[in-house]
Amino acid sequence: MQSLDLASRVPGSSNERGRQGVRGQFLALSAGLALLLAACSGQQGTPPAGDETSSISAQRLQLADFGPNVKVFDPSMPTAEIQAAVDAVANQQVSSQFGFQRFSLLFKPGSYGTAERPLILQVGYYTEVAGLGASPTDVTINGHIDVYNQCDASGCLALNNFWRSASNLTINVEGLSGCRSSATFWAVSQAAPLRRVNVTGGTLSLMDYCSAGPQYASGGFIADSKLGTVVNGSQQQFLVRNSSVGHWSNGVWNQVFAGVTGAPAQSFPKPDPYTTLPQTPASREKPYLYLDAQGRYRVFVPDAQYNAQGVTWQAGQTAGHSLPLEAFYLARPSDSAQTLNRQLEDGKNLLLTPGVYSVNRTLRVRRANTVVLGLGVATLVPQNGTVPMTVDDVPGVDIAGIMFDAGPVNSPLLLQVGSRRAARGDEERGTDDERRGDKGNPVALQDVFFRIGGAQAGRASLSLEVNSDNTILDDVWAWRADHGEGVGWTVNTADTGLIVNGANVVATGLFVEHYQKNQVIWNGENGKTIMFQNEMPYDPPNQAAWQHDGVLGYAAYKVADPVKVHEGWGLGSYIFTNVDPSIHAAHGFEVPVTPGVKLHDLLTVELGAGTIDHVVNSSGAAVTSAAVGTPSTVVSFP
């Protein structure tokens, strides 16, 4: 094992099967504290579907009854009692990659743990840790909120640390011993955001350098957070948006900062692969549950921001509006799609409590400004090939904290935002009124994830279609599974992760992986993407199965030929075709050559199998097995 400083580049793959294909340098520090987990038991499986009566709904609201998998803690509770409860959840969830349980751990305003007896939280799969204050400074955890590497016979990695979050609180780093005391660790990959987090008293490390190697990590997303020293370490890519940092240690392949005070200077690709935008063109922070001054539960819905920098809460309350809990239907996994639709039709917003929801008919969001907020990675599984959710041509809808998990019968689509219009080239686009997009009150998706296979055999032709103009996509991961149950070229079939037809759509933190054709197709005008991460499919059986129109493979990110204006920053695509290593993709990115289409800081990487011949169109050198883990870069195109 070679010991290197924190500026070392660390190649790594973002998945289980690809990780053995990458051989590179890695950090190695002394081994730390072993994980201590208490035994626990919990409910398993998905409850049966059924309708809820209005009296039960009223009772839930009166008691603020979020169900058995929402744990609410009060600062008056003994630390030992809280520690036992969070340890029980961690013991169940840390290894439960494709399990059915979901948890939300909520902390009322106040301080938890002390220097003498710190509170230590380890965050496993499908676990949300959140403060219930109006500001992140209203809840302080004196201790750690940690995600560590998972270790098995092949080594210790964070490549599969998905589907979890921490938000709206302060971590005052205290406690533990040895290496584990050196930082609070958030060693994650995709779908594991930090939002509205204030870190004091110590370092935030995005890699777990205390375990054995190789310690690879493949994140990640941070927004609206105030951080001191951050160790990037082995994280191959990361987006930090509208935040502040004191010091950032290093980069690997694609570290992107947008609207971040204290961010490293632009330097892609050398000496560090930093892409730095002084402001974020458009953003809307995720809605969050909180307690008001009278101790009543409410949901705060932040306003959209344009050309913003820094955190939203530094100078006072985040701009936006507050909704009483009575404006929401507190959904349970036992609720039927009919029940949820009836609540939407009655003018309710939806608060999806933790669990897996069986959806046998489309949930239709038809009212402007509707909020659909999931707790604990609430998951919708379509039945019989249904489309689980659609949003009408209305402004201000916010969908957040939800996973769409494809069912065994193919769904043509998992989430549609806005009605489908005629394709470009067939007829002229309509007027602004017909497009139904509202720049001042845009539709927004935050922490919305899609999964095809892994937990079960799943099929969906398209995961997300965005037709509404001015939509904001903030931390979206669309994943055709490369491991788990129901995985194979003809098993978990999925053509494309995202199609954008609307104009002025902005994506911040777009992760799309392993789809069988183009991963992203962008048809709308004036689109913007800030940080894109992709892996091409691993499992094409041969080149003949993965080519089209005389072109080898499919571009990961395709901007349609008629588009006149489009811009992207910090875009990466990787290849690991381990079933047939001789496979080629002609290019990672395909865009029309026109002055209004501009791409900045692009890269492709070969992870141990396959070849990408060019980065964008016919520009950029090939990546091959001759230089595994070494990016081919294009700083500006055209």
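A few notes on this one:
- Thr594/Arg117 FRET efficiency (R0 51 Å; Cβ-Cβ; nearest 0.05): 0.25
- Inter-part distance, segment 274-330 to segment 158-203, computed on C-alpha centroids, equals 21 Å.
- With one equal scatterer per alpha carbon and no solvent term, the Debye-computed log10 I(q)/I(0) for segment 269-421 at 0.13 1/Å reads -0.69.
- With every protein chain in place, the chain: carbon and sulfur % of accessible area (1.4 Å): 51 percent
- Equivalent-ellipsoid semi-axes of the chain, from the Cα gyration tensor, Å, largest first: 34, 30, 23
- Per residue, the chain exposes an accessible area of 32 Å² to a 1.4 Å probe, with every protein chain left in place.
- Mean sequence separation of contacting Cα pairs (under 8 Å, at least six apart), scaled by the length of the chain, corresponds to a relative contact order of 9 percent.
- On the beta carbon distance between Lys270 and Arg366, with R0 = 56 Å, the FRET formula returns roughly 0.65.
- Residue-span extension gain [Ser76 to Lys564] - 0.36 nm each, minus C-alpha spacing: 169.8 nm
- Ignoring lysines fewer than eight residues from Lys286 along the same chain, the ones with Cα atoms less than 18 angstrom from its Cα are Lys226, Lys439.
- Beta bridges from DSSP with both residues in segment 405-563: antiparallel share about 10 percent, rounded to the nearest 5.
- When each of the peptides 171-181, 512-522 is scored by the mean number of other C-beta atoms lying within 10 Å of its residues, the order from highest to lowest reads 512-522, 171-181.
- Rounded to whole Hz, the Karplus (6.51, -1.76, 1.60) HN-Hα couplings of segment 320-328, x for glycine and proline: x, 9, 10, 10, x, 4, 5, 7, 10
- Protection proxy ranking, peptides 410-417, 281-288, 148-155, average beta carbon neighbours within 10 Å, highest first: 281-288, 410-417, 148-155
- Placing +1 on the Cβ of every Lys and Arg and -1 on the Cβ of every Asp and Glu, with nothing else charged, gives segment 90-204 a dipole about its Cα centre of roughly 200 debye.
- Near Ala585, the amide H atoms lying under 5 Å from its own belong to Thr611, Ile612, Asp613; only residues 5 or more places off or on other chains count, and H is placed 1.01 Å from N.
- Kirkwood hydrodynamic radius of segment 518-632, Cα pairs, Å: 14.0 Å
- Amide H contacts of Thr493: Ala460, each under 5 Å away and 5 or more positions distant or on a separate chain (H built 1.01 Å from N in the peptide plane; Pro and chain starts excluded).
- Here the spin labels are modelled as points 7 Å beyond Cα on the Cα-Cβ line, and at Thr261 and Gln543 they lie 5.4 nm apart.
- Net charge dipole, the chain: roughly 360 debye, given to the nearest 20, about the Cα centre with Cβ charges of +1 for Lys and Arg and -1 for Asp and Glu.
- Alpha-carbon Debye profile of segment 452-593, log10 I(q)/I(0) at 0.12, 0.13, 0.16, 0.22 Å⁻¹: -0.45, -0.53, -0.80, -1.37
The values are calculated or read from the model by the stated rules, or taken from the named source; none is laboratory data. Model, not experiment: these values are computed from the prediction. Glycine gets a Cβ as well: all are built from the backbone with ideal geometry, and neighbour counts include every protein chain shown. In case anyone asks, the SASA skips ligands and DNA or RNA and just uses the protein heavy atoms, side chains included. Shrake-Rupley method; radii C 1.70, N 1.55, O 1.52, S 1.80 Å.
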